[in-house]
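The numbers here are math on the coordinates, done by the rules we state, and not lab data. The shown structure was predicted, so the numbers you read here are calculated from the model rather than taken from an experiment. When we count neighbours, we look across all protein chains shown, and the Cβ atoms used for this are built from the backbone with ideal geometry, even at glycine.
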Amino acid sequence: MTHAFDRLTEYAAALLGAAGLDGDKPEVTARLLVSADAMGHDTHGLAQLPDYLDDIASGAMLAVGEPDIIADRPAACVWDGKYLPGVWLVDRAVRLAAERAQTHGVCAISIRRSHHIACLATFLTAATDQGLMAIVACSDPSEARVAPHGGTKPVFMPDPLAVGIPTDGDPVLIDISTSITTMGMTGRLKREGKRFPGLWALDAAGQPTDDPAKVADGALLPVGGVDHGHKGTGLAWMVEALSQGLGGFGRADHPTNWGCSVFVQVFDPALFAGAEAFTRQTAFTAEACRATPSRDGAQALRLPGAKAMAGLRRAKAEGLALRPGLLDALAPYAAKLGAPPPSTE
């Protein structure tokens, strides 16, 4: 059973609009949530919509208005997002940074007090489609679920980092968390009674475990796990310094609202060594990776983001299937808000 990309977007936008989001916030948020599902990041797509609708109803997500401008310089800005929809805020930030980077070579925007921003990879093509390189990173200073390397108590969150790199074909889209897995996947495995594929977490006693249910009283491990977790811990430090430090708002302020501190940066290669020189390098590396024999000899290596871009194109052309139960979870909101569910293709 598949659903047309545009119809799913219209459905999600109708729910968000009926819940109270103003302006272009419903359409932008809906389109990027559906894009996340199409790109294969289904823990951070429409699965987030019930929580967003609940937070709009409670006031935890601010439904109307604009961010406050804390600082505005040609190549560096700080916004107070006031817990407006995070997906909408970050999309706007990437587009503004892309515009300014084409004048100044680079532009960075820090957003404090954004609501949740869903799938970071979905923001990148707004820059890469213009031949620009983009970085998006975020952290949630209201929670701690990831232990630093060698520790037993959580200090960080999964602190995702995404990078979009133009090539001579599809862009390379990197979207990783600095922990071994995300809280979304942890919650899904716990609900389904499944285990992690490895020792990805610590229990309450600080012992490695593959049981996602133990994370509630324990912690996730950083990328690298017990042996090489200094790598993930170092990346988490970088993400939190970029997102909380540069924005001047984070853990030291003891926030309690679900949300994000966000860092966005866009580069225009044309104002460095030149767009042609940049693409020559990235195209060479992309081809070198594709030409590298795979360990099992089964198939050519896939560049980061290749599956996501193929999935997005396929979803827009042919529709996409959603995880079982997702539309059922939205049905009570649809009935309450008067938004008819999308038809199947």
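Relative to the 2.2 N^0.38 Å rule of thumb, the chain has a C-alpha radius of gyration ratio of 0.99.
Within the range 92-123, name every residue whose backbone N is under 17 Å away from a label modeled 7 Å from Cα of ARG191 along the Cβ vector. Answer for the range 92-123: 118-119. With 19 Å as the limit on Cα-Cα distance, the pairs of LYS190/LYS214; LYS25/LYS82; LYS25/LYS307; LYS316/LYS336 that go past it are LYS25/LYS307; LYS316/LYS336. Dividing the summed helix terms, -39500 (n - 2.57) for each DSSP H run of n ≥ 4, by the number of residues in the chain produces a 222 nm estimate of -12000 deg cm²/dmol to the nearest 500. A cut-off under 9 angstrom between Cβ atoms defines the neighbours of ALA201, and their net charge, with Lys, Arg +1 and Asp, Glu -1, is -2.
For ASP253 and VAL226, what does the FRET efficiency come to when R0 = 30 Å and r is the distance between their Cβ atoms, rounded to the nearest 0.05?
Plugging the Cβ-Cβ distance into 1/(1 + (r/R0)^6) gives 0.40.
So, in Å, what gap is there between the alpha-carbon centers of the range 231-308 and the range 3-34? Cα centroid to Cα centroid, the span is 27 Å. Take the Cβ atoms of ALA144 and LEU326, set R0 to 22 Å, and the FRET efficiency comes out at 0.15.
Working note: Debye formula, equal point scatterers on the alpha-carbon atoms of the range 270-345, no solvent; log10 I(q)/I(0) at q = 0.14 Å⁻¹ is -0.75.
Would you please give the FRET efficiency between ARG302 and ARG95, computed as 1/(1 + (r/R0)^6) with r the Cβ-Cβ distance and R0 = 22 Å, to the nearest 0.05?
Values: r = 28 Å, r/R0 = 1.28.
Computed FRET efficiency for ARG302 and ARG95 comes out at 0.20.
When both bridge partners sit in the chain, DSSP labels roughly 85% of those beta bridges antiparallel.
Assign one of three labels to the range 229-307, namely rounded, prolate or oblate, based on the Cα gyration tensor with a ≥ b ≥ c the square roots of its eigenvalues; rounded applies when a/c is under 1.5, prolate when it is not and a/b is larger than b/c, and oblate otherwise. Cα axes put the range 229-307 in the oblate bin.
At a Cβ-Cβ separation cutoff of 4.7 angstrom, cysteine residues of the chain with no neighbouring cysteine are CYS77, CYS107, CYS119, CYS289.
Relative contact order of the range 63-276: 27 percent, from C-alpha pairs under 8 Å at least 6 residues apart in sequence. Remark: spin-label model distance THR2-ARG295 equals 3.3 nm, labels positioned 7 Å along the Cα→Cβ axis. Using only the Cα atoms of the range 17-157, build the gyration tensor, take square roots of its eigenvalues as a ≥ b ≥ c, and label the shape rounded, prolate or oblate: rounded if a/c is under 1.5, else prolate if a/b is larger than b/c, else oblate. Judged from the Cα gyration tensor, the range 17-157 comes out rounded (a/c under 1.5).
For the range 221-317, the set of trypsin sites (Lys or Arg not before Pro) satisfying both a DSSP loop assignment and a count of at most 11 other C-beta atoms within 10 Å is given as ARG295.
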